[in-house]
Amino acid sequence: MAGMEFHRLTDKELLELIKNNNSLALNALFKKYYNSLCKFISIYIKDDALIEELMADLFIKIWNNRENY
């Protein structure tokens, strides 16, 4: 996977790589969605620390359940 340009992959392709234990793909998915998800969540939650904790929980859950994607 060296040299793979993860930012060019579709979400489906990233999830398939994540399913196959590729943590770099998880990192790419994180980078792709982190800011926009934080902005969306901040509409409802005004606590930045809680938002960061929710985001961490989300991506940990994705990783821990990767075989289901």
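The values are calculated or read from the model by the stated rules, or taken from the named source; none is laboratory data. All of these numbers come straight from a predicted model, not from anything done at the bench. Cβ atoms come from the backbone with ideal geometry, glycine included; neighbour counts cover every protein chain shown. With ligands, DNA and RNA removed, areas are computed over all heavy atoms of the protein, side chains included. Shrake-Rupley method; radii C 1.70, N 1.55, O 1.52, S 1.80 Å.
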> Does the chain come out rounded, prolate or oblate, given a ≥ b ≥ c as the square roots of the eigenvalues of its C-alpha gyration tensor, rounded meaning a/c under 1.5 and, failing that, prolate meaning a/b above b/c?
Replying inline: prolate
>> Probe of 1.4 angstrom, ligands and nucleic acids ignored: what's the accessible area per residue over the chain, in square angstrom?
In response: 75 Å²
> Taking K19 as the anchor, which lysines have their alpha carbon closer than 24 Å to its alpha carbon, excluding any fewer than eight residues away along the same chain?
Replying inline: K31, K32, K61
> Considering only protein heavy atoms and a 1.4 Å probe, what is the carbon-and-sulfur percentage of the accessible area of the chain?
Replying inline: 57 percent
>> Students often check this: by mean Cβ neighbours within 10 Å, which of 11-18, 52-59, 41-48 ranks highest, and how do the rest follow?
In response: 11-18, 52-59, 41-48
